[in-house]
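J.: Sharing a structure, written as structure tokens. Questions coming.
The values are calculated or read from the model by the stated rules, or taken from the named source; none is laboratory data. Quick caveat: nothing in here was measured; it's all calculated off a predicted structure. With ideal geometry, Cβ positions are generated from the backbone for all residues, glycine too; neighbour counts draw on all protein chains shown.
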């Protein structure tokens, strides 16, 4: 399809910005919010009719045209061309599809607010996660609503689901655990708590008792599963610690695991888990998730940026990068990656938000 002449495209006013950010995914949204908070003028564009890019939570009807269907107009990256001015060169950009070929069957349901598709899978956050801290510091928490993951973590063991104990009281109240398991698990958590307290204290404040509570460097470098075996945790208790609390994502008890947790990494995650429990009055467990999907996270930072004066334009793509002679002199070997296709503006798809 022939592209409309450039003079038919609606213009963006103002025409000069300190920062232009392409795509409204989570990293780009955090960057835009930070730049706007620092007093920079920001233009934030996205080729989609919604915020979030690949971090979005979208209705199913939007999934097909936006992400899955290949774009027949996409062509390979064109070589740099002259802008008609010897002091500038133009690098044309074209959008790449996520999948080279997609096959679909059936009809998508009509628009509905009853469910959305999480493009990168459902996610939960520790209450003390760095992302939550960033939301609190930036004010983004005012633009997103969270809910607690009810019941805490569950462990699937020998065909049944078991609640994961999160405190001394829950350990000894758990009727599914043997008395020996309860005692060993409690002693292990007590040891980890003492190590975390000793490690967080400054060097001048560490006494002999606190220093002796710290886990040795040799043990911290061990695979975490070996350290758990060293403290005689049963297979079920090791599974609780490794997968329900430390969140290991592969079987730590086999040689086929690509990434073995070290004791240091495992204890860091246990510390995060422990500090997450009870952090918020309306979240009893360690985990929370955005009520309307994790696509709310980039939108929260976009709203923060908009409050600080950032300009948002959806359904807009960057078609080319204009490089000055000064830039090419400083970065003679700089490569520009192909990220976008289609013109910078379209006749009927320009949209401004906030």
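J.: So is residue 293 at positive phi and surrounded by fewer than 18 Cβ atoms within 10 Å (Cβ to Cβ) or not?
T.: It is false that residue 293 is at positive phi and surrounded by fewer than 18 Cβ atoms within 10 Å (Cβ to Cβ).
J.: Against the definition (surrounded by 17 or more Cβ atoms within 10 Å (Cβ to Cβ) and modelled with pLDDT of 90 or more), how does residue 196 come out, yes or no?
T.: On the way: surrounded by 17 or more Cβ atoms within 10 Å (Cβ to Cβ): yes; modelled with pLDDT of 90 or more: no.
So residue 196 fails the test.
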